[in-house]
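Okay, structure first, notes after.
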Amino acid sequence: MKRDLISMLDVKDDLEEIIDLGIDLKKKSKNGKNIELLKDKTLGMIFEKSSTRTRVSFETGMTKLGGHAIFLGKNDIQLGRGETIEDTAIVLSRYVDLIMFRAMKNEDVKELAKHATIPVISGLDDKEHPCQVVTDLMTIKEYKGDLKGLNFVYLGDGKNNMSHSYLLGCGIAGMNVKIVSPKKYWPDEYYVDEAKKFGVDVEITDKVEDSTKNADVIATDTWVSMGDETQKQQRLKDFKDYTVDDKLMGLAKPDAIFLHCLPAYYDYEVTKEVAHGPQSVIFDEAENRMWAQIAIMVTICKK
Ligand code: CP
Ligand code: NVA
């Protein structure tokens, strides 16, 4: 049976093992040890949207594992001219060993996984961004030592891929999770209900004031995700009170850390003072995309 990673729920049974493997392989590689665990394997990377981190971290990660990655921009392959996802999946399965897909729609990633005979990893879609949230939890573990019982607060677009994957990821990791967002942008109920099943405190609120009190981790994301560009002006108005600034950081625990998956838009979702300030770990987080995905690929390719 092949294994896919499309939702955080796909790693609910071994999330901490994957995180620990990422931390271990990061140390080994930095100490000059060989981590070529996927020697001669090939990763196909289909992109329907732009990317800096996902593209470079997957490709470099695969090289470190002794394998190889191929960039497949949607408009460079026949998928962009109407070849079906089904045929694309079947054909790519004959050439490569695993596929990463950054897609417009979650259903399209599921469709690709359904017809591929090799593992499919989501590199983000409209519903979730699982590789990013595995990475973020790995980064939190590096800084905090343990995940269980931490208070995680996310401010901004509660209905986007990061918010949904944070809800599930925090639940799985045993962290309390609060989503602070205007009512119009509250998460899909499905993700809230699934998060609650893990027995953690789940709070969805539109009240910004005091929202970060007692937080161990504060996170945000762009107010205008890829695909939401036509709503940009409305969104900038709707989210204007949700900027993570020094005042909100000051209410959190003194050793709280700040996360952002990047790209960041300064003075919208976060001030540059916070994002580049002493509590921010955003660039470790960006680097960890590579180490977390190395662990994900190794785990998923195990028979
Ligand atoms: N965080 C993230 O997924 O970044 P990219 O869009 O640059 O890949
Ligand atoms: N929510 C953002 C994440 C970017 C990495 C988007 O979908 O554009």
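The values are calculated or read from the model by the stated rules, or taken from the named source; none is laboratory data. This structure is a prediction, so every number in the text was calculated from the model and none was measured. Because the Cβ atoms are built from the backbone with ideal geometry, glycine has one as well, and the counts that use them run over all protein chains shown.
Annotations
Per-residue answers, yes or no, for (1) touching a His at 6+ places or on another chain (Cβ under 8 Å); (2) closer than 23 Å to Glu285 by Cβ:
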| site | (1), (2) |
| --- | --- |
| Asn161 | yes, yes |
| Lys178 | no, yes |
| Pro182 | no, no |
| Glu194 | no, no |
| Gly199 | no, no |
| Thr220 | yes, yes |
| Lys232 | no, no |
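Residues are listed down the side, and each one gets a yes or a no for (1) farther than 26 Å from Lys144 by Cβ; (2) within 16 Å of ligand 1 (Cβ to nearest atom); (3) more than 20 Å from the chain's Cα centre (by Cα):
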position: Asp10; (1), (2), (3): no, no, no
position: Ile23; (1), (2), (3): no, no, no
position: Leu38; (1), (2), (3): yes, no, yes
position: Lys74; (1), (2), (3): yes, yes, yes
position: Met100; (1), (2), (3): yes, yes, no
position: Ala103; (1), (2), (3): yes, yes, no
position: Asn106; (1), (2), (3): yes, yes, no
position: His115; (1), (2), (3): yes, no, yes
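- Strands (runs of 3 or more DSSP E) within the range 189-303 that include 2 or more residues more than 30 Å from Phe101 (Cβ to Cβ): 202-205
- Note on the range 112-133: residues that are away from ligand 2 (no atom under 16 Å from the Cβ) and under 28 Å from Glu16 (Cα atoms) total 8.
- Single residue of the range 213-254 satisfying the filter (hydroxyl-bearing (Ser, Thr, Tyr) and farther than 12 Å from Tyr268 by Cα) that is surrounded by the most Cβ atoms within 10 Å (Cβ to Cβ): Ser225
- Filter pass, Asp146 being buried (at least 24 other Cβ atoms within 10 Å of the Cβ), at pLDDT 95 or above, of a type outside the set (Gly, Ala, Ser) and not in a helix (DSSP H, G or I): no
- Just one of (1) in contact with a Lys or Arg (Cβ under 8 Å, 6 or more places away or on another chain); (2) in contact (Cβ under 8 Å) with a residue 60 or more places away in the chain; (3) more than 16 Å from ligand 1 (Cβ to nearest atom) fails for Lys141. It is (1).
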